[in-house]
1. State yes or no: is ALA5 surrounded by fewer than 14 Cβ atoms within 10 Å (Cβ to Cβ) and either hydrophobic (A, V, I, L, M, F, W, C) or modelled with pLDDT of 95 or more (or both)?
2. Return the residues of segment 18-40 that are open to solvent by 30 Å² or more (accessible area, probe 1.4 Å), more than 21 Å from PHE56 (Cβ to Cβ) and either assigned to a strand (DSSP E or B) or touching a strand residue (DSSP E or B) at 6+ places or on another chain (Cβ under 6 Å) (or both); say none if nothing qualifies.
3. I'm trying to understand the selection: among the residues of segment 56-73, which are part of a strand (DSSP E or B) and either open to solvent by less than 40 Å² (accessible area, probe 1.4 Å) or within 19 Å of THR7 (Cβ to Cβ) (or both)?
4. Tally time: how many residues in segment 74-106 are open to solvent by 40 Å² or more (accessible area, probe 1.4 Å), among the aromatic types (Phe, Trp, Tyr) and either within 13 Å of the chain's Cα centre (by Cα) or modelled with pLDDT of 95 or more (or both)?
Amino acid sequence: MPATAKTVSPVGYRSVLTDPTPTAMDNTNGNSFVNGGRLLLKITAPAGGGTVTVAFKDKVDGQAVTPRTYTFAANQVAWIGGWPVQYYGASLVATPSATGFTVAALSL
């Protein structure tokens, strides 16, 4: 199955944005996000903690971009992001290691 598409909330100088409501992450199929180069993901880990692996669809000079894995402690809330489009591409897939992870996505 394809990765579950997630909504990215834009933030701009003309807008006031309340903190978006986090949604459950799909640990089976992954979660796809549009990456404009200033994508930030607010990840909340479950009580058992775990990892989130971010994979990139694009290639640089014909070579696959190595996925990045982020480790989360139990119930940790953290922001990850900053994937320049020219290196990481216009979309990415984030897959948690367990159920219970949530995510909210912002684009600056």
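1. So ALA5 passes the test.
2. Answer for segment 18-40, where residues must be open to solvent by 30 Å² or more (accessible area, probe 1.4 Å), more than 21 Å from PHE56 (Cβ to Cβ) and either assigned to a strand (DSSP E or B) or touching a strand residue (DSSP E or B) at 6+ places or on another chain (Cβ under 6 Å) (or both): PRO22, THR23, ALA24.
3. Matches in segment 56-73: PHE56, PHE72.
4. 2
The values are calculated or read from the model by the stated rules, or taken from the named source; none is laboratory data. Every value quoted in this text rests on a predicted model; they were computed, and no experiment measured them. Methodologically, a virtual Cβ is constructed for each residue, glycine included, from the backbone with ideal geometry; neighbour enumeration extends over all protein chains shown. When the accessible area is computed, the model is the full protein with side chains, heavy atoms only, and any ligands, DNA or RNA have been set aside. Shrake-Rupley method; radii C 1.70, N 1.55, O 1.52, S 1.80 Å.
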